[in-house]
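A short worksheet on the structure shown next.
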Amino acid sequence: MVDIKRNQTRAVKIGSIVIGNGNRIAVQSMTATKTTDVDATVALVQLMHDAGADVVRIAVDSKKDAAALGEIRSQTTANLSVDLQENYRLAEIVAPHVDKIRYNPGHLYHHETEKPWQEKVRFLADIAKQHDCAMRVGVNCGSVDPEKKSKYAPSDSITPMLESALEHCEFLDSLDFTRYCVSLKDSDPSKVVEVNQRFAASRPEIPIHLGVTEAGIPPDGVIKTRIAFEQLIGKGIGDTVRVSLTVPNVRKGEEIAAGQGIIDDIYAGRVRSVVDFNSNSLNIISCPSCSRVENEAFVDLAEQVKSMTEYAKEHAITIAVMGCRVNGPGETDDADLGLWCGPKVVNLKKGTEALGAYGYNEILPKLKHELDLLIASR
């Protein structure tokens, strides 16, 4: 066993487990069913729980979702986290049924825009205190606080994320709420490593949730995640992890197995970070299937994109395939070509430029055409 000196973060209780303060690194995942489909969601929660998930996250984006969460809670003993999307006020309804509340600082601007974010975070912290919930401040590369982004060059995506996380931590501390962890996620493993190292250096006492967002289809998604985790966990950074893979619901247990396997390998000294992931080749980013996905054909589409683009594997081009309207538009901006999927159409982008919306049965030829043009231009 490798002797890894963990960062001495403070303890944060999440239901029946505790992260930080030297406790074992917890592994978690997220449901991909519609939250209002109680039977299917309970079945997926149980699948993940049986696979070893310490926490299972469920997205809530409406009052109907919130009502369903109460019924889901009554049918499972798993530790549950709620993923608040754009409506932060739903916390009041769902908090009695969960062990943890996750909010994204960048999403606090979508509702009640006249109110300062501090007022909204104070509301969340009060709700968490009342209902014995932990919280996660989840900062994501594709939905960063717009005020923070405007201060820096477009090429610097890391500093706005870091500033946002530090600002929210400072404010939560001022409210005497310290039962929280932080995540700073990007689809680029090297950026995940840098931003988390910088955060840990600044606030070493705060537990960190590690993840590479939109890691993609296995095995590439596992490799990207492994590269980041090895360099962070190997240096004592990280208290809970999530591996975000694009897989069908019946295979969601693979996220748990991959996360635990990477942790076990790191502690056994079986590390592979010396291997270059080859940043000069085709890079396909795809988000994990979750309950925000509005058409389950997204998962099949991601596989089809991977297969169709095989001929371009020697070209340094990034293609992003996103499954929803919440993160899709923002998280395709940095890709050379991006697809974000709606209920009936797939939106095609070239960087930040919208190229059109096409049916699921029309998009692959359109993507190939744009890919060929991009290759020819280089």
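Things to note:
- Less than 5 angstrom separates the built amide H of M322 from those of L339, W340, C341, all sequence-distant by 5 or more or on a different chain.
- Each Lys and Arg contributes +1 and each Asp and Glu -1, all at the Cβ; summed about the Cα centre of the chain, the dipole is approximately 440 debye.
- Crossing angle, helix 363-377 versus the chain [Cα axis fit, 0-90 degrees, rounded to tens]: 70 degrees
- Reachable lysines from K64, criterion Cα separation under 27 angstrom, eight or more residues apart if same chain: K34, K100, K115, K120, K129, K252, K344
- Look at the dipole of the chain built from charges on Cβ: of V192, V247, L166, the Cα furthest out on the positive end belongs to L166.
- For A134, the residues whose modelled amide H falls within less than 5 Å of its own, excluding neighbours fewer than 5 places apart on the same chain, are G15, K100, I101.
- Centroid-to-centroid, using Cα positions, region 313-345 and region 136-160 are 18 Å apart.
- Net charge dipole, region 74-137: roughly 140 debye, given to the nearest 20, about the Cα centre with Cβ charges of +1 for Lys and Arg and -1 for Asp and Glu.
- Straight-line reach from K349: taking Cα to Cα under 18 Å and skipping same-chain neighbours fewer than 8 places apart, the lysines in range are K306, K366, K368.
- When the chain is described by a simple charge dipole with +1 on each Lys and Arg Cβ and -1 on each Asp and Glu Cβ, the residue from A316, I256, I237 located farthest towards its positive end is I237.
- Whether region 209-262 is rounded, prolate or oblate, judged on the alpha carbon gyration tensor where a/c under 1.5 counts as rounded: prolate
- Only helical runs count toward this figure. For the chain, summing -39,500 (n - 2.57) over DSSP H runs of n ≥ 4 and dividing by all residues gives -11500 deg cm²/dmol at 222 nm.
- Annotation: aspartates and glutamates with alpha-carbon distance below 12 angstrom to K149 (same-chain offsets under eight excluded): E163.
- With the charge dipole of the chain set up from +1 on Lys and Arg Cβ and -1 on Asp and Glu Cβ about the Cα centre, the Cα lying farthest toward the positive end among the listed residues C287, L47, C341 is that of L47.
- Correct choice for P(r) over Cα pairs in 10 Å bins from 0, in percent that was computed from the model, options [x] 5, 25, 35, 26, 8, 1; [y] 5, 21, 28, 22, 14, 8, 2, 0; [z] 5, 20, 30, 27, 15, 3, 0: [x]
- Protein accessible area in region 36-129, 1.4 Å probe - carbon and sulfur %: 48 percent
The values are calculated or read from the model by the stated rules, or taken from the named source; none is laboratory data. Just so it is clear, the model here is predicted, and its values are computed rather than measured. Glycine gets a Cβ as well: all are built from the backbone with ideal geometry, and neighbour counts include every protein chain shown. Only protein heavy atoms, including side chains, enter the accessible area calculation; ligands, DNA and RNA are left aside. Shrake-Rupley method; radii C 1.70, N 1.55, O 1.52, S 1.80 Å.
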